[in-house]
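Asker: Take this structure first; my questions come after.
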Amino acid sequence: MRKIIARKVNMTQIFSETGEVFPVTVVIEDAKGLAEKGQTLDDLQGLALQERDVVTVSGISKGKGFQGVVKRHGFKGDSRSHGRKHSERTAGSIGGGGRAGGRVIKGMRMAGRMGGKRVTIKNLKIIKVLPETREIFIEGAIPGRRGSKVEILSTKS
């Protein structure tokens with residue numbers, strides 16, 4: 001298993017010779033993050049990824065701050081009619097009686113902090129590699145904001 005630390009640059013699209021369009025994320029290999037103890041950059045040249053390699057990308061997702069249940073968990077909310085004034089985006093009843101003894105059950109989906117967690121996306125394809133600029137074009141979206149570090153793992157030996 002090979003691992004490369006890279007920096008997310010941006011998203012763009014690439015057209016193939018047949019006219020197909022591929023949404024891609026551009027990442028740049030980070031030479032400082034590549035070298036582990038006892039390795040030089042010359043030793044790491046063999047780790048370079050090729051086009052059509054399948055990789056797994058991990059990173060920290062964008063932090064979105066404190067969010068309500070509609071945005072955080074996709075709750076539907078309630079209608080605005082029949083006396084509802086300010087509560088159409090609330091969670092509604094959370095149970096409480098009976099089994100839980102009047103307490104909030106562990107794991108209850110409620111409002112709270114969203115994002116800012118480690119996310120792993122598997123089976124992404126390398127569309128293009130530019131060795132002179134150390135850019136890698138990965139098909140699809142990867143976690144994190146622009147400039148954040150991501151880990152690219154290739155299962156190919």
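The values are calculated or read from the model by the stated rules, or taken from the named source; none is laboratory data. Computed from a predicted model, the values in this text were never measured in an experiment. FYI the Cβ positions are ideal-geometry reconstructions off the backbone, even for glycines, and counts take in every protein chain you see.
Asker: Would you pick out the residues in segment 43-65 that are of a type in the set (D, E, K, R) and modelled with pLDDT of 50 or more?
Answerer: E51, R52, D53, K62, K64
Asker: Turning to a different aspect of this structure: Out of all the residues in segment 63-73, which are under 14 Å from M108 (Cα atoms) and outside any helix (DSSP H, G or I)?
Answerer: Within segment 63-73, G68 is the sole residue that qualifies.
Asker: In addition: When the residues of segment 78-109 are filtered to those that are surrounded by 12 or more Cβ atoms within 10 Å (Cβ to Cβ) and farther than 19 Å from G68 by Cβ, which remaining residue is modelled with the lowest pLDDT?
Answerer: Out of the qualifying residues, it is A100.
Asker: G116: modelled with pLDDT of 85 or more and either over 18 Å from S154 (Cα atoms) or in contact with a helix residue (DSSP H, G or I) (Cβ under 8 Å, 6 or more places away or on another chain) (or both), yes or no?
Answerer: Against the criterion (modelled with pLDDT of 85 or more and either over 18 Å from S154 (Cα atoms) or in contact with a helix residue (DSSP H, G or I) (Cβ under 8 Å, 6 or more places away or on another chain) (or both)), G116 qualifies.
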